[in-house]
Amino acid sequence: MSKQKIVLDGDGVRRALTRIAHEIAERNPRAENLAIVGIHRRGAYLANRLQRQLRELLSAEIPLGDLDIGFYRDDVARRPGAPVLHASHIEFDVTARTVVVVDDVLYTGRTVRAAIEALFDYGRPERVQLAVLADRGHRELPIRPDYVGKNLPTSREERVNVQVRELDGHDAVTIASANGAPTP
Amino acid sequence: MNHLLSIEDLDRAAIERIVEQAERFAEVSDREIKKVPTLRGRMVLNLFYEASTRTRSSFEIAAKRLSADVVNFASSGSSVEKGESLKDTVLTLSAHKPDAIVLRTPWAGAAELISRWCSAAVVNAGDGKHEHPTQALLDVYTLRRHLGEISGASIWIVGDITHSRVARSNILAFQKMGAKVTVAGPPTLIPRGIEALGCEVRYSLEEITGADVVYALRMQRERMIESSLPSLREYVACYQINARRLSARQVLMHPGPVNRGIELSGEVIDSPRALITAQVEAGVVVRMAVLYELLAGTPERNPSQAPEPQLA
């Protein structure tokens with residue numbers, strides 16, 4: 001029987017994002033060079049919220065984009081079918097900017113690798129930083145986050161699920177245990 | 001989907017899936033680097049037994065934007081001129097292990113035939129008078145972008161229906177998308193029994209004002225249609241789409257290349273109602289979506305149906 005444990009509730013998600021926004025503002029005081037890019041799908045919603053907070057903190061409009069990494073997956077030839085793609089929207093020049101890539105969960109690091117590769121097809125960012133709501137470990141690539149909402153020690157058998165209110169009606173980070181059924 | 005051989009094989013959901021994916025690919029063409037690594041290491045073989053500029057080049061651009069390798073093989077200047085058969089050519093080229101073969105031939109059914117001879121995914125880029133499915137898909141894509149919704153639209157396909165594989169594929173595709181299709185042209189250029197596909201038939205353009213979309217076909221002089229017509233002048237007088245016949249609320253499409261002054265007058269080609277250049281642009285993104293659909297993911301092809309190629 002599966003058990004689901006809530007590790008961050010709505011309030012916890014809100015506080016984690018606020019803290020990340022402050023850390024981003026602290027490390028990037030020059031707002032004119034900053035841009036935020038979220039990875040589809042939930043990372044894009046989190047990026048949107050971070051961007052709104054940074055607008056307040058830095059009193060500046062930070063360019064916001066979203067990225068679908070389907071084109072850049074390293075397992076295109078290994079998955080059974082062609083994955084469904086979403087459109088990417090990066091309508092500003094990334095060249096010479098510090099781009100903060102936002103995702104919900106950091107796990108193997110392969111998604112982030114694909115996102116970095118995708119980003120470089122739009123130009124040459126000066127710096128790329130990584131913000132994640134949850135870091136569950138088990139990296140398979142030399143990738144580390146710059147901003148972490150919550151570190152979650154997990155086993156590979158566990159599933160970490162992030163819910164965002166824009167898609168799921170509420171915010172939460174949960175862990176489903178080993179033999180757990182997928183969450184609804 | 002293992003091959004793209006005809007629109008007849010596709011249902012509405014499959015058509016929608018491909019054109020929706022194509023919309024994602026459109027964004028790639030606007031980037032600084034117009035290329036994504038998705039099909040890196042895959043090989044696409046363009047095998048063309050008929051002259052073609054836009055279809056061949058748009059397949060080539062589509063494959064290259066997805067980082068696939070492209071080999072072009074045209075029948076002129078090749079072993080075909082020395083008498084090699086289609087089967088032997090396909091088996092020989094299969095030795096290079098292409099992942100997809102894009103085939104254009106003057107023979108109806110050739111694409112379906114070669115799909116049984118090789119393990120590659122086969123894309124029909126026009127087989128005689130049979131079908132030209134990627135043209136129909138890019139036309140659906142273009143119309144959806146322009147009208148928003150194809151369902152319920154009235155689409156007139158005008159000209160030489162008999163010799164046109166574009167007409168066959170488009171009648172089927174537009175109808176599957178819920179449009180009402182009418183074909184119009186001289187009786188000698190409309191095959192008897194075409195109503196069986198579900199379209200209406202008109203031998204004059206009197207009622208064309210009711211159409212939302214006018215799709216003119218090329219007068220294919222290389223297929224010797226003159227013998228089916230009193231004269232091209234007569235055709236122009238009765239069936240040319242010109243400013244008098246095309247109203248401001250209608251849009252105009254044409255698969256290209258246009259015979260300016262024959263099936264279309266110069267003024268309508270250059271008018272904002274013409275979607276002809278949008279169709280060409282759509283050609284690349286739709287073919288990207290088709291190659292992606294066929295080549296991404298592990299092949300589902302049943303090995304027993306795709307034997308190791310052997311020279312007969």
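The values are calculated or read from the model by the stated rules, or taken from the named source; none is laboratory data. Bear in mind that the values here come from a model prediction, so they are computed numbers and not experimental data. Ideal geometry is used to build each Cβ from the backbone, glycine not excepted, and the neighbour counts take in all protein chains shown. Note: areas computed on protein heavy atoms with side chains; ligands, DNA, RNA excluded. Shrake-Rupley method; radii C 1.70, N 1.55, O 1.52, S 1.80 Å.
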What number results when the radius of gyration of the protein assembly as shown, computed over Cα atoms, is divided by 2.2 N^0.38 Å? 1.15
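Which whole-number percentage describes the relative contact order of the stretch B:6-148, with Cα contacts under 8 Å and a sequence gap of 6 or more?
Numbers: 194 pairs, mean separation 34.4, N = 143.
This gives 24 percent for the stretch B:6-148.
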Top of B:Gln279, B:Gln175, B:Gln250 by mean-square fluctuation, Gaussian network on chain B, Cα under 10 Å: B:Gln250
Which sequence of B:Leu147, A:Leu67 reflects their accessible areas, 1.4 Å probe, from the largest down? B:Leu147, A:Leu67
Going by average Cβ density within 10 Å per residue, which order do the peptides A:77-84, B:61-68, A:142-149, B:164-171 take, highest to lowest? B:164-171, B:61-68, A:142-149, A:77-84
Skip the ligands, DNA and RNA, and give the accessible area per residue of chain A with a 1.4 Å probe, whole Å². 48 Å²
Calc'd 3J(HN,Hα), the stretch B:39-45, phi into Karplus 6.51 cos²θ - 1.76 cosθ + 1.60 (θ = phi - 60°), Hz, glycine/Pro = x, comes to 10, 4, x, 8, 10, 10, 10
Under 19 Å from the Cα of B:Lys176 - aspartates and glutamates, other chains or at least 8 residues apart: B:Glu8, B:Asp9, B:Asp11, B:Glu16, B:Glu20, B:Glu131, B:Asp139, B:Glu149, B:Glu195, B:Glu200, B:Asp212
Among B:256-269, B:177-190, what's the highest-first ranking by average C-beta atoms within 10 angstrom per residue? B:177-190, B:256-269
Cα convex hull of the stretch B:176-227, projected area averaged across orientations, nm²: 4.5 nm²
Where the accessible area of the stretch A:30-123 is counted over protein heavy atoms with a 1.4 Å probe, how much of it, in %, is carbon and sulfur? 47 percent
Taking 8 Å as the Cα distance limit and 6 or more residues as the minimum spacing, I'd like the relative contact order of the stretch B:133-278 as a percentage. 23 percent
With a 1.4 Å probe and every protein chain left in place, tell me how much accessible area B:Ser57 has, in Å² to the nearest 10. 40 Å²
Can you give me the Cα centroid spacing of the stretch A:1-28 and the stretch B:1-67 in angstrom? 41 Å
List the residues of the stretch B:1-36 that lose 30 Å² or more of accessible area once all protein chains are present, compared with their chain alone (1.4 Å probe, heavy atoms only, no ligands or nucleic acids). B:Gln21, B:Arg24, B:Glu27, B:Arg31, B:Glu32, B:Ile33
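Where Lys and Arg each count +1 and Asp and Glu each count -1, what net charge lies around A:Val99 among other residues with Cβ under 9 Å from its Cβ?
+1
Hey, got the dipole for chain B? About the Cα centre, +1 on K and R Cβ, -1 on D and E Cβ, debye to the nearest 20?
For this selection, approximately 360 debye.
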What lysines could a cross-link reach from A:Lys3, if we take a straight Cα to Cα line under 22 Å and drop same-chain neighbours fewer than 8 places away? A:Lys150
Taking only Cα atoms and a 10 Å spring cutoff, compute GNM fluctuations for chain B and point out the largest among B:Ser29, B:Ser79, B:Ser119. B:Ser79
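Pairs of Cα atoms under 8 Å, at least six residues apart: use those to get the relative contact order of chain A, whole percent. Write out the running numbers ahead of the final one.
Details: 369 pairs, mean separation 50.2, N = 184.
Value for chain A: 27 percent.
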Exceeding the 21 Å Cα-Cα cut-off - candidates B:Lys64/B:Lys129; B:Lys34/B:Lys64; B:Lys64/B:Lys97: B:Lys64/B:Lys129
Can you put B:Trp156, B:Trp117, B:Trp107 in order of accessible area, largest first, using a 1.4 Å probe? B:Trp107, B:Trp117, B:Trp156
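Report the net charge of residues surrounding B:Leu246, where surrounding means a beta-carbon distance below 10 angstrom and charges are Lys +1, Arg +1, Asp -1, Glu -1.
Net charge in that neighbourhood comes out at +3.
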If you roll a 1.4 angstrom probe over the protein chains with everything in place, what fraction of the accessible area of the stretch B:133-278 belongs to carbon and sulfur, to the nearest %? 51 percent
Residue-averaged 222 nm ellipticity for the protein assembly as shown, from DSSP H runs of 4+ at -39500 (n - 2.57), nearest 500: -9500 deg cm²/dmol
Residues of the stretch A:119-167 that bury at least 50 Å² of accessible area, probe 1.4 Å, when all protein chains are present rather than the chain alone, are A:Asp121, A:Tyr122
Which whole-angstrom value gives the distance between the alpha carbon centres of the stretch B:155-229 and the stretch A:75-152? 50 Å
Count, for each residue of B:282-295, the Cβ atoms from other chains sitting within 10 Å of its Cβ, then give me the mean as a whole number. 1
Given N residues in the stretch A:6-109, what is its alpha carbon radius of gyration divided by 2.2 N^0.38 Å? 1.18
Restricting to the stretch B:133-278, compute how many DSSP beta bridges are antiparallel as a %, nearest 5. 0 percent
Top of B:Pro255, B:Pro133, B:Pro191 by mean-square fluctuation, Gaussian network on chain B, Cα under 10 Å: B:Pro191
Nearest 100 Å² is fine: what is the total accessible surface buried where chains B and A meet, probe 1.4 Å? 1700 Å²
Dimensionless Rg/Rh of chain B - Kirkwood Rh, Rg from C-alpha atoms: 0.97
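About the Cα centre of the protein assembly as shown, what is the dipole size in debye to 20, counting +1 per Lys and Arg Cβ and -1 per Asp and Glu Cβ, all else neutral?
600 debye
Convert 20 °C to kelvin, take the viscosity as 1.002 mPa s, use the Kirkwood radius over C-alpha pairs of the stretch B:133-278 as Rh, and evaluate the Stokes-Einstein diffusion coefficient in µm²/s, rounded to a whole number.
It comes out at roughly 143 µm²/s.
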Charge-dipole axis of chain A as Lys and Arg at +1 and Asp and Glu at -1 on Cβ define it, positive-most pick from A:Ser59, A:Gly169, A:Ile36: A:Gly169
Over the stretch B:2-132, with a single point scatterer placed on each C-alpha, what log10 of the ratio I(q)/I(0) does the Debye formula yield at q = 0.16 1/Å? -0.85
Whole-number accessible area per residue in Å² for the stretch B:133-278, which is evaluated in the context of all protein chains at 1.4 Å: 40 Å²
